[in-house]
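Novice: Please see the structure below; I have some questions.
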Amino acid sequence: MTTDPAWRTSLLQGHWFKHLPLLLQDSLLELARPRELAAGQYLFQRGDAPCGLYAVLTGSMRVGAISSEGKEALLTLIEAPQWFGEISLFDGQPRTHDALAEGATRLLWIPQAALMACLAQQPAYWRDFALLMSQKLRLVFIALEQQSLLTAGPRVAHRLLQVAAGYGEMEGSRRLLQLSQEQLALMLSLSRQTTNQVLKSLQQEGALRLGYGEIEILDLARLQALACPVNV
């Protein structure tokens with residue numbers, strides 16, 4: 001299959017793909033298939049069988065779950081050039097959460113069977129996928145610690161910094177985040193009112209500008225100071 005050169009250009013913006021062995025990069029691009037999702041369309045749902053690995057090219061994916069009572073747990077929004085879906089690659093178990101398109105979204109899809117065949121031929125590549133998963137596990141541990149030890153202000157500031165840096169996948173930090181206050185509150189398990197109070201305070205201090213469905217970072221140093229309080 002002929003691959004689109006733009007795929008490589010887009011994926012090289014991310015640390016994980018950029019640091020893969022060139023042969024593995026080539027193998028993934030050869031196996032890749034494009035996927036397009038409309039806003040609100042599910043890619044997979046909790047309990048679905050493993051279907052492979054994905055990378056976001058444009059748009060974003062909403063990963064979480066909704067209880068039988070209709071309460072939503074939003075774990076994260078996955079944006080370009082992030083990869084996801086690797087947990088089921090390791091254990092072969094059903095999907096742990098729902099993944100749906102936040103808006104019109106373009107993905108690259110590496111089918112499960114094809115990727116497993118590639119790894120069977122080159123088992124040394126398993127380490128690269130383990131690094132992808134371990135980075136996310138590290139972020140989960142940090143979030144759990146912060147939920148127990150930090151107040152709302154530092155938690156909000158830290159998550160904004162994470163989103164701006166693509167959770168460690170991007171060089172530098174974006175200043176304009178396509179992120180609503182409701183989404184931020186859900187990701188942090190904070191009330192909408194508490195999240196709004198923190199953001200309004202940061203806006204008054206000149207650290208942020210709040211817009212409709214977006215947050216612009218104006219003072220990165222102020223956010224960094226708030227996210228790393230001297231006394232926890």
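The values are calculated or read from the model by the stated rules, or taken from the named source; none is laboratory data. Here the structure is a predicted model, which means the values were calculated and not measured. Note that we place each Cβ from the backbone using ideal geometry, even for glycine, and neighbour counts take in every protein chain shown. All accessible areas refer to the heavy atoms of the entire protein, side chains included, with ligands and DNA or RNA removed. Shrake-Rupley method; radii C 1.70, N 1.55, O 1.52, S 1.80 Å.
Novice: Within the range 171-187, take every residue that is in a helix (DSSP H, G or I) and touching a helix residue (DSSP H, G or I) at 6+ places or on another chain (Cβ under 8 Å) and give me the one that is surrounded by the fewest Cβ atoms within 10 Å (Cβ to Cβ).
Specialist: GLU182
Novice: Select from the range 122-170 the residues that are over 19 Å from the mean Cα position of the chain (by Cα) and open to solvent by less than 60 Å² (accessible area, probe 1.4 Å) and write down the one among them that is modelled with the lowest pLDDT.
Specialist: LEU150
Novice: Which one is nearest to the chain's Cα centre (by Cα), of the residues in the range 87-121 that are among the small types (Gly, Ala, Ser) and part of a loop (DSSP other than H, G, I, E, B)?
Specialist: GLY103
Novice: Just checking, which of PRO50, PRO81 is open to solvent by less than 70 Å² (accessible area, probe 1.4 Å), assigned to a loop (DSSP other than H, G, I, E, B) and farther than 21 Å from GLY166 by Cα?
Specialist: PRO50
Novice: Regarding the range 14-27, can at least one residue be identified that is among the polar types (S, T, N, Q), at pLDDT 95 or above, more than 17 Å from the chain's Cα centre (by Cα) and open to solvent by less than 40 Å² (accessible area, probe 1.4 Å)?
Specialist: Taking every residue of the range 14-27 in turn, at least one turns out to be among the polar types (S, T, N, Q), at pLDDT 95 or above, more than 17 Å from the chain's Cα centre (by Cα) and open to solvent by less than 40 Å² (accessible area, probe 1.4 Å).
Novice: Which numbered condition in (1) at positive phi; (2) touching a Gly at 6+ places or on another chain (Cβ under 9 Å); (3) among the small types (Gly, Ala, Ser) is the only one that GLY172 fails?
Specialist: GLY172 satisfies all of (1) at positive phi; (2) touching a Gly at 6+ places or on another chain (Cβ under 9 Å); (3) among the small types (Gly, Ala, Ser) except (2).
Okay, residues lined up against (1) closer than 24 Å to GLN25 by Cβ; (2) open to solvent by less than 70 Å² (accessible area, probe 1.4 Å); (3) at pLDDT below 95:
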{"site": "LEU57", "(1), (2), (3)": "yes, yes, no"}
{"site": "VAL63", "(1), (2), (3)": "no, yes, no"}
{"site": "GLU86", "(1), (2), (3)": "yes, yes, no"}
{"site": "LEU100", "(1), (2), (3)": "no, yes, no"}
{"site": "ALA104", "(1), (2), (3)": "no, no, no"}
{"site": "LEU107", "(1), (2), (3)": "yes, yes, no"}
{"site": "PRO111", "(1), (2), (3)": "yes, yes, no"}
{"site": "ALA120", "(1), (2), (3)": "yes, no, no"}
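Novice: For the list (1) open to solvent by 50 Å² or more (accessible area, probe 1.4 Å); (2) not in a helix (DSSP H, G or I), I need the number of the one condition that LEU190 fails.
Specialist: (1)
Novice: Give me the residue from the range 193-232 that is at pLDDT 95 or above and basic (Lys, Arg) and, out of that set, nearest to the chain's Cα centre (by Cα).
Specialist: ARG209
Novice: Yes or no: TYR167 closer than 23 Å to ALA80 by Cβ, in contact (Cβ under 8 Å) with a residue 40 or more places away in the chain and of a type in the set (Ser, Thr, Tyr)?
Specialist: Yes: the conditions hold for TYR167.
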